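Notes follow once the structure below has been shown.
The values are calculated or read from the model by the stated rules, or taken from the named source; none is laboratory data. Keep in mind the model is a prediction, meaning the values are calculated, not measured. Glycine gets a Cβ as well: all are built from the backbone with ideal geometry, and neighbour counts include every protein chain shown. Protein only, heavy atoms only, side chains kept; ligands, DNA and RNA dropped before computing areas. Shrake-Rupley method; radii C 1.70, N 1.55, O 1.52, S 1.80 Å.
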Amino acid sequence: DPRLTRRDVLAGGGAAALLIAGGRPALALSTPATLIEARAGSAQLLAPGKPSTPVWGFEGISPGPVLRVKQGDSLNVHLINRLPQPTTIHWHGIRIDNRMDGVPHLTQHAVEPGASFDYRFTPPDPGTFWYHPHERSYEQVARGLFGALIVEEREPPFADQDLVLVINDWRLTGDGAFHEKSLGSAHDQSHAGRLGNVLTVNGKPSLEHPVVRFERLRLRLVNASSARVLRLALEGATARLIAIDGQPVGPTSSYSGDLVLGPGNRADLMLDVLGEPGSAIVLAEISKGRLELGRLTVGRQASARAEPVAAPIALRPNLLSEPSPANALDAALLMEGGAMSETDMAVTKRPGPYWTFNGVAGMGEQPLFAARRGQTVLVGMRNATAWPHSMHYHGHHFRVIARSGGGRIDPYWWDTILMAPREEMTIAFVADNPGKWMIHCHMLDHQAAGMDTWFEVGG
Ligand code: C2O
Ligand code: CU
């Protein structure tokens, strides 16, 4: 039988190159590609025994497969679109080659149903990233299309377990179906976005994972929610924050039990399991009351060691260029619109778009700003709305250098920053990645209703 299984293709040598695998075009590539289908599937998002939920997922599961590569290795993904609408993959947080950024109409054509696209790139930074479509993301991500992308350090700090925890907020009907009727509703678009009613970790309503006393754990948290800001607490352990948005935070940063992740943000934590056998470390969402998301239960088996490990836990910083204010390009981004900020309170009575950046709704013909390659860019962002927004810049990480209202200025590199209602901040980055890059709110209904624009970096 000359047909190839997926395994053959994954293991694929040159011999596989020109054959057709079960209707899938095999690849003529020197390095084997990972095939990823975007397609319908189902997930047990509610407690066992309750109905399952029809989802869209990479490989039909949500979250999709965790993609892991080593720093310096290339990622080679053959996306096949089995959805009823066009799609793409955006590699969130990767300082990527612009052609691989996955933004329809800006960096590539959307991948039509039945068609495929090869994403090939070498991520420059180790860290915790994620991938999701950038076509109708308010629908496709909300239906479950997302997954984690882990770029491992060449010499990772010691950890017994490296746990990827992808958190998502779903809006389901009472019988577990995806809530279709409210998809892209005027209310969600003009208010907080599509807030859900079921929170899952790795697609489970209550994650359980075994750990052993004195183990060291690395937790990689991803907020894949379409609109939900997560305030997370880790109970029964003291964790150190080691990275934000994939970038190391430096050895002095600590974490005091309360971590806020806007949609799109990630955090890496390191901790030692100190509790007695039978106890648990609990991950909880504490924005309103306390909702338990998952539990790491300390097993009763004997530990491999008699005390916690002494290995250092800090990460080496990645090689990002430090912004320098001399000759910087000064840009402004004024965020306006939405409910409760217009004199007409009946905002949802009119059709969208409901939001603007500098008075323009959606992707204009002209970039918001154009920078020379290597130029430092300062963007003064002002949230003149009554809502929080999770502002994401493609292709670059930035620092916050000024912030109104006494908001804390962290020495981190972010790719997505949560802005409070009425907040102002100035961010700074070196525009060292040529191409056309989006800026948008990662509350995906806001993005769909006007909160997206782009900037250009010269070659
Ligand atoms: Cu995670 Cu433009 O998106
Ligand atoms: Cu927003």
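Observations on the structure shown:
- Within region 343-353, the set of residues being surrounded by 18 or more Cβ atoms within 10 Å (Cβ to Cβ) and either of a type in the set (Gly, Ala, Ser) or at pLDDT 95 or above (or both) comprises Gly352 only.
- Among the residues making up region 265-276, those that are closer than 24 Å to Ile417 by Cα and assigned to a strand (DSSP E or B) are Arg266, Ala267, Asp268, Leu269, Met270.
Results for (1) open to solvent by 40 Å² or more (accessible area, probe 1.4 Å); (2) under 22 Å from Ser324 (Cα atoms); (3) at pLDDT 95 or above, shown as yes or no for each residue.
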| position | (1), (2), (3) |
| --- | --- |
| Gly364 | no, no, no |
| Phe369 | no, yes, yes |
| Val400 | no, yes, yes |
| Gly405 | yes, no, no |
| Ile409 | yes, yes, no |
| Ile417 | no, yes, yes |
| His442 | no, no, yes |
| Gln447 | no, no, yes |
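- Answer residue from region 382-396, given it is away from ligand 1 (no atom under 16 Å from the Cβ) and open to solvent by less than 10 Å² (accessible area, probe 1.4 Å) and is farthest from Ala332 (Cα to Cα) among those: Thr385
- Scanning region 252-278 for residues that are surrounded by fewer than 16 Cβ atoms within 10 Å (Cβ to Cβ) and either without any contact (Cβ under 8 Å) to a residue 60 or more places away in the chain or under 28 Å from Ala224 (Cα atoms) (or both) returns Thr252, Ser254, Ser256, Gly257, Asp258, Val260, Gly278.
- Any chance Ser225 is under 30 Å from Ala386 (Cβ atoms), in contact with a Pro (Cβ under 6 Å, 6 or more places away or on another chain) and outside any strand (DSSP E or B): yes
- Of all the criteria given as (1) surrounded by fewer than 17 Cβ atoms within 10 Å (Cβ to Cβ); (2) more than 30 Å from Val198 (Cα to Cα), the one not satisfied by Asp125 is (1).
- Test: residue in region 65-80 that is farther than 20 Å from Val151 by Cβ and modelled with pLDDT of 95 or more: yes
- Remark: pairs (first residue in region 190-206, in a loop (DSSP other than H, G, I, E, B); second residue open to solvent by 50 Å² or more (accessible area, probe 1.4 Å); Cβ separation under 8 Å; 6+ apart in sequence or on different chains) = Leu195/Arg228; Gly196/Arg228; Gly203/Gln44; Gly203/Ile61; Ser206/Glu292; Ser206/Arg295.
- When residues in region 189-207 are screened for being among the hydroxyl-bearing types (Ser, Thr, Tyr) and open to solvent by less than 40 Å² (accessible area, probe 1.4 Å), 2 of them pass.
- Residue pairs whose Cβ atoms lie under 7 Å apart, sitting 6 or more positions apart in sequence or on different chains, and linking a residue in region 418-432 that is in contact (Cβ under 8 Å) with a residue 24 or more places away in the chain to a partner that is open to solvent by less than 40 Å² (accessible area, probe 1.4 Å) and aromatic (Phe, Trp, Tyr), are Pro421/Trp387; Ile427/Phe398; Ala428/Phe398; Phe429/Phe398.
- Complete set of residues in region 92-102 that are open to solvent by less than 30 Å² (accessible area, probe 1.4 Å) and in contact with a Ser or Thr (Cβ under 7 Å, 6 or more places away or on another chain): Asn98, Asp101, Gly102
- In the set (1) open to solvent by less than 10 Å² (accessible area, probe 1.4 Å); (2) acidic (Asp, Glu); (3) within 13 Å of ligand 1 (Cβ to nearest atom), Glu135 fails one condition alone, (1).
- Residue ranges of strands (runs of 3 or more DSSP E) in region 277-363 with at least 1 members within 26 Å of the chain's Cα centre (by Cα) and farther than 22 Å from Leu444 by Cβ: 280-285, 291-298, 329-337
- Residue in region 70-119 that is nearest to the chain's Cα centre (by Cα), counting only those that are assigned to a loop (DSSP other than H, G, I, E, B), more than 22 Å from Asn318 (Cβ to Cβ) and β-branched (Val, Ile, Thr): Ile89
- Some residue of region 285-300 being within 16 Å of ligand 1 (Cβ to nearest atom) and at pLDDT 95 or above: no
Per-residue answers, yes or no, for (1) surrounded by fewer than 22 Cβ atoms within 10 Å (Cβ to Cβ); (2) away from ligand 1 (no atom under 16 Å from the Cβ); (3) without any contact (Cβ under 8 Å) to a residue 12 or more places away in the chain; (4) part of a helix (DSSP H, G or I):
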site	(1), (2), (3), (4)
Trp130	no, no, no, no
Leu145	no, no, no, no
Ala148	no, no, no, no
Pro157	yes, yes, no, no
Val166	no, no, no, no
Asp169	no, no, no, no
Lys181	yes, yes, yes, no
His187	yes, yes, no, yes
